[in-house]
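**Q** Pasting in a structure now, in structure tokens, and then I'll have a few things to ask.
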There are 2 protein chains.
Amino acid sequence: MNEQKEKNEMVDILHRVGAVAPREKVYDALTTIEGVAGWWSKDAEGDPGTVGEMIRFGFEPGSAVAADATFRIKVLETKRDELVRWEVVEGPPEWIGTELRFDIAQEDEYAIVRFGHLGWKEPGAFMAHCSTKWAIFMMSLKQLAETGTGAPAPVDVQISNWH
Amino acid sequence: MNEQKEKNEMVDILHRVGAVAPREKVYDALTTIEGVAGWWSKDAEGDPGTVGEMIRFGFEPGSAVAADATFRIKVLETKRDELVRWEVVEGPPEWIGTELRFDIAQEDEYAIVRFGHLGWKEPGAFMAHCSTKWAIFMMSLKQLAETGTGAPAPVDVQISNWH
């Protein structure tokens, strides 16, 4: 009963953006280290193209996060030009065990990305902050795919006192 | 049972931004017609400062929405410098009956806005689009409060083929 209740209360962050680009560009931005460093955090290490690999992202205090932070994600699945799934292994407590999912599709000249940060336990202020921040990073991904230059941390767009 | 199921499946869009401004500026941007026209849509009519009033927002095709659209919202509640709640009365079918909620608080020099678009029936592609678009409009509200100039439709930042 409690387990069922918890499952029902799980909440997701969802976004949808479209880059005027071939979807291979978005897929590459998600599965190469230069790619992820080009839109999420410049401080990135690992091989996001290989399932089972662990990728480390660093964020300076005052960039995407208020405190110095290390995120580690595990590559769960990659399907060329269609899908990338990551599991959060290290990061803010609220993030541990959540999934980051990117579905890619081509609609005319647009590479459409549907993004989900799935499995939050609490729809609180921190989730709301991360929801807005993910929109900003999805716009950074779009910009990277369209122009070759995104706005990854620490040059990410700041949204509040929580950065 | 079905009713219970539907209730459990309701999903919300949540965001959090902070404007370097006194929170009165954010409250004014939500409760005056010049305010709402300054960050959401230039084509706005009505008195958002009065509970029970109906406000009309127009969106040109190619701005915030792909098709020409009229939104009507009813002011449900206003609490000076703290809270604004609107109900969607006319707009996209998925929006009818949903609530738009803005909680405002001052944290040092930041006017913090917690935004919710509450009571979606389906966490689909359109909700994901609206989630990203709301983040863009929350950044427009922040910009308006900080500088006096936001980016309302039809000069809103476009995010995809759905605008």
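The values are calculated or read from the model by the stated rules, or taken from the named source; none is laboratory data. Keep in mind it's a predicted model, so treat the numbers as computed, not measured. Every residue, glycine among them, receives a Cβ derived from its backbone with ideal geometry; neighbour counts consider all protein chains shown. Note: areas computed on protein heavy atoms with side chains; ligands, DNA, RNA excluded. Shrake-Rupley method; radii C 1.70, N 1.55, O 1.52, S 1.80 Å.
**Q** Going 7 Å from the Cα of B:ASP108 along its beta-carbon direction, which residues of the stretch A:130-163 have the amide nitrogen within less than 20 Å of the resulting point?
**A** A:130, A:133, A:154-163
**Q** Next up: Considering only the label points, 7 Å along Cα→Cβ from Cα, what distances in nm to one decimal separate A:LYS121 from the same position in each other copy, shortest first?
**A** 3.3
**Q** Going by the rotation axis that takes chain A to chain B, pick out the residue of A with the closest C-beta and quote the gap in whole Å.
**A** Output: A:ALA135, 2.
**Q** Let me ask something else. Quick one: with label points 7 Å out along Cα→Cβ, list the inter-copy distances for A:THR149 in nm, shortest first?
**A** So the distances to the same position in the other copies read 2.1 nm.
**Q** Residue by residue through the stretch B:98-106, which ³J(HN,Hα) values in whole Hz follow from phi under the Karplus form 6.51 cos²θ - 1.76 cosθ + 1.60 (θ = phi - 60°), with glycine and proline marked x?
**A** Couplings: 7, 10, 10, 10, 10, 9, 10, 8, 9 Hz.
**Q** Taking each residue in A:133-143, count the Cβ atoms of any other chain within 10 Å of its Cβ, then average. What number comes out? Kindly include the intermediate steps, with their values, before the conclusion.
**A** Working: counts 4, 3, 10, 4, 0, 6, 6, 0, 0, 4, 0.
Average per residue, whole number: 3.
**Q** Take A:VAL157 and A:LYS79, extend 7 Å from each Cα along the Cα→Cβ direction, and tell me the distance between the two endpoints in nm.
**A** With each label placed 7 Å out from Cα toward Cβ, I get 3.0 nm.
**Q** I would also like to ask the following. How well do other chains shield peptide A:117-130, expressed as the mean number of their Cβ atoms within 10 Å of each residue Cβ?
**A** 3
**Q** Only residues of the stretch B:119-151 count here: report those whose backbone N is under 13 Å from the spot 7 Å along Cα→Cβ of A:THR147, or say none.
**A** From the stretch B:119-151, the list is empty.
**Q** For the pairing of chain B with chain A, what total accessible surface becomes buried, with a 1.4 angstrom probe, in square angstrom to the nearest 100?
**A** Result for this pair: about 2300 Å² buried.
**Q** Now a separate question. Under a Cβ-only charge scheme (Lys and Arg +1, Asp and Glu -1), can you give me the dipole magnitude of the protein assembly as shown about the Cα centre, in debye to the nearest 20?
**A** In total the dipole reaches around 160 debye.
**Q** Through the Karplus equation 6.51 cos²θ - 1.76 cosθ + 1.60, θ set to phi - 60°, convert the phi angles of the stretch B:27-32 into ³J(HN,Hα) values in whole Hz; use x for Gly and Pro.
**A** With coefficients 6.51, -1.76 and 1.60, one gets 4, 4, 5, 9, 10, 10 Hz.
**Q** If you wrap a convex hull around the C-alpha atoms of the stretch B:9-147 and split its volume per residue, what is the figure in Å³? Display every interim value, and only then the final one.
**A** Details: hull volume 13.1 nm³, N = 139.
Each residue corresponds to 94 Å³ of Cα convex hull volume.
**Q** Let me ask something additional. Using a 1.4 Å probe on the protein heavy atoms, what percent of the accessible area of the stretch B:9-147 belongs to carbon and sulfur?
**A** Here it works out to 48 percent.
**Q** What is the distance in Å between the Cα centres of the stretch B:25-48 and the stretch B:82-103?
**A** The distance from the Cα centre of the stretch B:25-48 to that of the stretch B:82-103 comes to 15 Å.
**Q** Among B:LYS142, B:LYS121, B:LYS133, whose mean-square fluctuation peaks in a Gaussian network model of chain B (Cα, cutoff 10 Å)?
**A** For chain B, modelled as a Gaussian network with Cα springs under 10 Å, the answer is B:LYS121.
**Q** Considering every residue in A:152-161, what mean count of other chain Cβ atoms within 10 Å of its Cβ is obtained?
**A** 3
**Q** Let me have the 222 nm mean residue ellipticity of chain B computed from DSSP H runs of 4+ only, each contributing -39500 (n - 2.57), with the sum over all residues rounded to the nearest 500.
**A** -9000 deg cm²/dmol
**Q** Quick check for me: using +1 on Lys/Arg Cβ and -1 on Asp/Glu Cβ, what's the dipole size of chain B about its Cα centre, in debye to the nearest 20?
**A** 180 debye
**Q** Name the residue farthest towards the positive end of the dipole of the stretch A:9-147 from the options A:TRP86, A:THR98, A:ALA37, assuming +1 on Cβ of Lys and Arg, -1 on Cβ of Asp and Glu, about the Cα centre.
**A** Sorting the options by dipole projection puts first A:THR98.
**Q** While we're looking at this one, here's another question. Per residue, how many Å² of accessible area does the stretch A:82-126 show with a 1.4 Å probe?
**A** Solvent-accessible surface per residue comes out at 45 Å².
**Q** What gaps in nm, shortest first, separate A:GLU60 from its twins in the other copies when you place the label 7 Å past Cα toward the beta carbon?
**A** From this label point to the equivalent ones elsewhere in the assembly: 4.0 nm.
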